[in-house]
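Scroll down for the structure; my scribbles are underneath it.
Bear in mind that the values in this text are calculations on the coordinates, not laboratory data. Please read these numbers as outputs of a predicted model, since none were measured by experiment. With ideal geometry, Cβ positions are generated from the backbone for all residues, glycine too; neighbour counts draw on all protein chains shown.
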Amino acid sequence: MSVAAIAVLATLMLKRAPAGVVAPSVAALPTVNALLNTASAVLLTAGFVFIRRRNVVAHRACMLGAFAVSVLFLACYLVYHAHAGSRPFAGRGWIRPIYFVLLVSHIVLAAVIVPLALTTIYRGLSAYRGLPAQIDRHKRLARRTLPIWLYVSVTGVIVYVLLYHW
């Protein structure tokens, strides 16, 4: 699934829209995407807090909400890039290498998080449905998945701010 998403994204990114032209119908999507990434980070953090307090129902709701928001983000992101192409970073000086380090790490980890999140959610739901062997596997994987997913969500917002408001 990650490979397919990367292939679609690469195709969209290589397809160039006319310089400086963004269709009005998609012009707001970068801001929407930043808000969706923010919502994902908030839901992931709340889900973590809930599970630490042993509130499994609220934890599950937050994590499934974070996944739903992330899927919606991906759809909006692909629609935007299909219509607008890519936007070059205009920043100069010391911020430029910082931006590209954040961007590259964000892209790589965004590809990694897809199978991690899907597997973690599957194991969590399997444990909830009475397959207790999955709970330990869910916990082990979730300890790796959460920080990566949070990093991707937060750096997505930072990349947006640097790209559109710097």
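Within 10 Å of each residue's Cβ, count the other Cβ atoms and sort PHE100, PHE50 from fewest upward.
Arranged by neighbour count, lowest to highest, PHE100, PHE50 become PHE100, PHE50.
Which percent of the Cα-Cα distances in segment 2-165 go past 29 Å?
25
Mind sorting LEU29, LEU44, LEU74 by how few other Cβ atoms lie within 10 Å of their own Cβ, fewest first?
Neighbour counts put them in this order, fewest first: LEU74, LEU29, LEU44.
What does the highest-first list of 127-135, 109-117 look like by mean Cβ count within 10 Å?
Top of the packing list down: 109-117, 127-135.
Just ALA41, ALA82, ALA90 to compare: in a GNM of the chain, with alpha carbon springs under 10 Å, which one fluctuates most?
ALA90
I'd like the FRET efficiency for ALA133 and VAL71, computed as 1/(1 + (r/R0)^6) with the beta carbon distance as r and R0 of 22 Å, rounded to 0.05.
The computed FRET efficiency comes out at 0.20.
Using a/c under 1.5 as the rounded threshold, could you call segment 47-88 rounded, prolate or oblate? The axes a ≥ b ≥ c are square roots of the C-alpha gyration tensor eigenvalues, and prolate needs a/b larger than b/c, oblate otherwise.
The shape class here is prolate.
Over the chain, with a Gaussian network built from C-alpha contacts below 10 Å, which listed residue (THR145, THR120, THR31) shows the highest mean-square fluctuation?
THR31
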